[in-house]
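J.: Here you go, one structure.
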Amino acid sequence: MGEKEDASGRPIASRSSSWATGMSAWLARTGVTPNSISLFSILFAGIGAALILLTTQTIAMIGAAVSMQLRLVCNLLEGIAAQAIETLASRSHWSLLITSVTIATGSLVACITRTINLSRFLERS
């Protein structure tokens, strides 16, 4: 494994897809930075976590799933943009840490809440 491969991260097929490279090229032309893409990732993670925590309606769960997928797209585009401008330092930026903590916390709270609700439902049955 060469030095160049280490710097580019693990191989992911979607990095070379036409939509991802086209979108990252467009973002680069518009001056969007990798860190601002990460902030959108945080926004989508927060929206998804809020939808999971605040309601149990089916449409909200679908919205949460879409929001989490958009977070993953932001993560992909952030990585491509960081490589394009040759600044991988943005990958260790605080915003990525905040995103990870937000997702982990939202998932943990959602699991606990769903478990409690299921337990209460089963007690009533």
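The values are calculated or read from the model by the stated rules, or taken from the named source; none is laboratory data. Keep in mind that this is a model prediction, so the values were computed, not measured. Glycine also receives a Cβ, built like all others from the backbone with ideal geometry; neighbour counts cover every protein chain displayed. Quick note on the areas: whole protein, heavy atoms, side chains included, nothing else; ligands and nucleic acids left out. Shrake-Rupley method; radii C 1.70, N 1.55, O 1.52, S 1.80 Å.
J.: Looking at region 74-93, which of its residues are at pLDDT below 65, in contact with a helix residue (DSSP H, G or I) (Cβ under 9 Å, 6 or more places away or on another chain) and either closer than 30 Å to Thr55 by Cα or part of a helix (DSSP H, G or I) (or both)?
T.: Leu88, Ala89, Ser90, Arg91
J.: Considering only region 37-80, how many residues are touching a Leu at 6+ places or on another chain (Cβ under 9 Å) and among the hydroxyl-bearing types (Ser, Thr, Tyr)?
T.: Residues in region 37-80 being touching a Leu at 6+ places or on another chain (Cβ under 9 Å) and among the hydroxyl-bearing types (Ser, Thr, Tyr): 3 in total.
J.: Which pairs turn up if I take residues in region 96-125 that are closer than 10 Å to Ala45 by Cβ and look for partners that are open to solvent by less than 70 Å² (accessible area, probe 1.4 Å) and among the basic types (Lys, Arg) with beta carbon separation below 8 Å, at least 6 apart in sequence or on another chain?
T.: Close Cβ pairs satisfying both conditions: Thr99/Arg71; Ile103/Arg71.
J.: Let me ask another. Residues in region 15-28: is at least one among the charged types (D, E, K, R) and farther than 13 Å from Gly79 by Cβ?
T.: no
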